[in-house]
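Student: Here it is, the structure, as structure tokens.
Please treat every number below as a calculation from the coordinates, not as lab data. No experiment lies behind these values; they were computed from the predicted model shown. A quick note on method: Cβ atoms are made from the backbone with ideal geometry, for glycine too, and the neighbour counts reach across all protein chains shown.
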Amino acid sequence: MGVTITGLDIQGLPKLVSGKVREVFDLDEAVLIVATDRVSAYDSVMPTGIPHKGRVLTMLSEFWFRHLRPITVHHAITTDTAFIVEWIRRCGGHVSPDVAAALDGRSLLAVKADILPVECVVRGYLSGSLWAEYCAAGGPQKGATIHGIELPAGLQESDRLPEPLFTPATKATSGHDINIGMAEMAEIVGAEIADALSRLSIAIYRRAADIALARGIIIADTKFEFGYHNGVLVLADEVLTPDSSRFWDADAYAPGRGQASFDKQYLRDWLVASGWNKEPPAPELPDDIVAGTSERYLEAYRRITGQPLSR
């Protein structure tokens, strides 16, 4: 199935963050973001890596950064490995051949940005936590107002929403992010920035959803991160990947149930069926689940970009 990269250190280079998936290194006026093959679910990092996952996240983000340039400024500088290696060496890092090979295809050099403390979630379809909240509020029978958003009665799971909804969330340091309304978001970042984030997030989603649908994928929902660089609002982190989005097979779409997807829902479903109580430690993943998850990530990349991921 291929070698997995589940962690990375670079001699002589300070590591700023080691997250659930990414290693972030300080490169003076820039940062190096390395997507590993780690996979998380239910707030736990699995002990088993997913082959090719980190490269899919990086190269698919790079694809979207290029296609979204008419809409938004972003933080990406390059994914070119040779350029990145030279930058690392200029900053005092040592890059061995093994490290250079590990960096290839999974590394993004980006400008430093002051990241805003909110997740910008856009939903085009009724699924996930919004569907759960709708049901809990009796929405199917009587309609519901959730975080200031009015939803009519009679909606089914996976129904397409009349218009994309902006449903921000807090960034939890541990546990789940918490859905909030625009009023709460404005208290965190200010009303003007909250309005800008809402408008920009929906514009990005509309553009990406049109591109993906033409290639056989429905983007049911997604989340963005933004920050400020030199006073300019920039799209940051990853964008429109199987980690940050629900990608559904357009040919198999049928509301009223969960959908066939090209993201880690396949892994989540197995974890639930396995009887794991969602408390650490997470279980080892069997080979078929690892292979199936990897293939779903690769298929998302193939469909959206029109090219196979070079291995």
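Student: Just the Cα atoms of region 116-269, one point each, no solvent: what log10 I(q)/I(0) does Debye give at q = 0.08 Å⁻¹?
Tutor: -0.22
Student: A further question follows. Rg and Dmax of the chain, using alpha carbons, in Å: what are they?
Tutor: Looking at the chain, its Cα Rg and Dmax stand at 19.4, 63 Å.
Student: Among F25, F83, F63, determine the one that fluctuates most according to a GNM of the chain built with springs between C-alpha atoms less than 10 Å apart.
Tutor: F83
Student: Gap in Å between the Cα centre of region 217-246 and the Cα centre of region 292-311?
Tutor: Centre-to-centre distance over Cα atoms comes out at 19 Å.
Student: Normalising by the residue count of region 116-269, find the relative contact order in percent from Cα pairs under 8 Å and 6+ residues apart. Don't skip to the answer; put the middle values down first.
Tutor: Values: 263 pairs, mean separation 37.7, N = 154.
This gives 24 percent for region 116-269.
Student: Can you tell me, using C-alpha contacts under 8 Å and at least 6 residues apart, the relative contact order of the chain as a whole percent? Intermediate values should be presented prior to the final figure.
Tutor: Working: 590 pairs, mean separation 62.6, N = 311.
Across the chain, relative contact order equals 20 percent.
Student: Would you work out the charge dipole size for the chain about its Cα centre, treating the Cβ of every Lys and Arg as +1 and the Cβ of every Asp and Glu as -1, and quote it to the nearest 20 debye? Mind dumping the intermediate values first?
Tutor: Details: 30 positive and 40 negative charges, 110 e Å.
Computed charge dipole of the chain: roughly 520 debye.
Student: Once both axes come from the Cα atoms, what is the angle between helix 191-213 and the longest principal axis of the chain, in degrees from 0 to 90, rounded to 10?
Tutor: Result, in degrees: 90.
Student: Pick from T170, T48, T145: which is most flexible by mean-square fluctuation in a GNM of the chain where alpha carbon atoms under 10 Å apart are linked?
Tutor: T145
Student: Taking a cut-off of 22 Å between Cα atoms, list the lysines near K264, but don't count ones fewer than 8 places away on the same chain.
Tutor: Hits, sequence-local ones excluded: K20, K53, K171, K223, K278.
Student: Also, quick follow-up: What are the residues whose amide H is under 5 Å from the amide H of I77, where those residues sit 5 or more places off or on another chain and H is modelled from the backbone?
Tutor: Amide H neighbours of I77: L109, A110, V111.
Student: Now, a different point. Relative to the first principal axis of the alpha-carbon coordinates of the chain, what is the inclination of helix 265-274, with its axis defined by its Cα atoms, in degrees from 0 to 90 and to the nearest 10?
Tutor: 80
Student: Using only Cα atoms and rounding to the nearest 10 degrees, what angle (0 to 90) does helix 287-305 make with the longest principal axis of the chain?
Tutor: The answer is roughly 90 degrees.
Student: In addition: Pull out a ≥ b ≥ c, the square roots of the eigenvalues of the alpha-carbon gyration tensor of region 133-211, then state rounded if a/c is under 1.5, prolate if not and a/b is larger than b/c, and oblate in the remaining case.
Tutor: oblate
Student: Based only on Cα atoms, what Rg/Rh ratio does region 15-112 have, Rh being taken as Kirkwood's radius?
Tutor: With Rh from the inverse mean 1/r over Cα pairs, Rg/Rh is 0.97.
Student: Also, quick follow-up: Compute the semi-axes of the equivalent ellipsoid of region 6-53, taking the square root of 5 times each eigenvalue of the Cα gyration tensor, and list them largest first in whole Å.
Tutor: Taking √(5λ) for each eigenvalue gives 22, 11, 9 Å, largest first.
Student: Averaging sequence separations of C-alpha pairs under 8 Å and six or more residues apart, then dividing by the length of region 15-112, give the relative contact order as a whole percent.
Tutor: For region 15-112, the relative contact order is 31 percent.
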